[in-house]
Amino acid sequence: MIFESYQVGMLACNCTLIGDEQTREAIIIDPGDGIAGIHRRLTQLGLTLKQILITHAHIDHVGGALRLKKLTGAPIYMNENDLELLAMMEEQAAWLGVEAPERTTIDSAAREGGSLTLGQAPAQTTFHFLDTPGHTQGSISIWIPSENKLIAGDTLFRDSIGRTDLPGGDSRQILSSIHTKLLKLPETAVVVPGHGRNTTIGREKERNPFLQSF
Ligand SMILES: [Zn+2]
């Protein structure tokens, strides 16, 4: 499996590319910006983009999705509970003082119980969607058991958790999402957060200061 993460845009969002070596198909998660570079990398690796996954509708995670879709034809998956935020792209751009990207529409709803697969059996990789609201109402995390990796969006970070002071944020809900969904995963699972360095479920369970007094 090809697994690469890049920091894109002014807020350094972690954008992840996962590609199957046999079928040469790929999934991109959170193409917030830097689309020309991501597209070049896909071409370089000889990969065809199958799906674009969005962990939540903040501009730094979703800003480049439409551009990438136009370049590759890949459909966009996002949780519908973030449609309201997606419609606020102009306001979000104003928070950052940047120009608003063209409004993205979603092609498929990513929700709890849903999944995507890459590759062919028996070497298939499954991406399971977990609803983890709190940072935003439509925040999802993506669990990839065969890789023992979790793409956590802005729900869980190394030593921190997502902010809940923006529209749609809820501090009780994010803690409940982390405890009931994410901390149940194997302690060895590698967490790729929406920003910053990777961590593991075990490390955050033990040391994340926001998770000690629940
Ligand atoms: Zn965010």
- Task: Scan the range 65-81 residue by residue and report those that are out of contact with any strand residue (DSSP E or B) (no Cβ under 7 Å at 6 or more places or on another chain), closer than 19 Å to A152 by Cα and not polar (S, T, N, Q).
- Result: M78
- Note on the structure: Subset of the range 17-38, residues surrounded by fewer than 21 Cβ atoms within 10 Å (Cβ to Cβ) and among the β-branched types (V, I, T), comes to T23
- Filter the helices (runs of 4 or more DSSP H) completely within the range 28-83 down to those with at least 2 residues that are within 16 Å of the ligand (Cβ to nearest atom) and touching a residue at least 40 places away in the same chain (Cβ under 8 Å). 59-62
- Give just the number: which of (1) more than 16 Å from the ligand (Cβ to nearest atom); (2) in contact (Cβ under 8 Å) with a residue 60 or more places away in the chain; (3) touching a Gly at 6+ places or on another chain (Cβ under 9 Å); (4) farther than 22 Å from V190 by Cβ does G138 not satisfy? (1)
- Item | Boolean, L150 is in contact (Cβ under 8 Å) with a residue 24 or more places away in the chain, more than 11 Å from the ligand (Cβ to nearest atom), buried (at least 23 other Cβ atoms within 10 Å of the Cβ) and not basic (K, R) | yes
- Do we have any residue at all in the range 108-128 that's on the phi > 0 side of the Ramachandran plot, touching a strand residue (DSSP E or B) at 6+ places or on another chain (Cβ under 6 Å) and crowded, with 16+ Cβ neighbours inside 10 Å? yes
- Does any residue of the range 193-212 turn out to be more than 11 Å from the ligand (Cβ to nearest atom), assigned to a helix (DSSP H, G or I) and of a type in the set (A, V, I, L, M)? yes
- Message: Being at pLDDT 95 or above, over 25 Å from M1 (Cβ atoms) and assigned to a loop (DSSP other than H, G, I, E, B) narrows it down to one residue among P101, P133; which is it?
- Response: P133
- Item | Members of the range 60-92 found to be in contact with a helix residue (DSSP H, G or I) (Cβ under 6 Å, 6 or more places away or on another chain) and of a type in the set (G, A, S), listed by number | G64
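The values are calculated or read from the model by the stated rules, or taken from the named source; none is laboratory data. The structure presented is a predicted model; accordingly, all values stated were derived computationally and were not measured. Methodologically, a virtual Cβ is constructed for each residue, glycine included, from the backbone with ideal geometry; neighbour enumeration extends over all protein chains shown.
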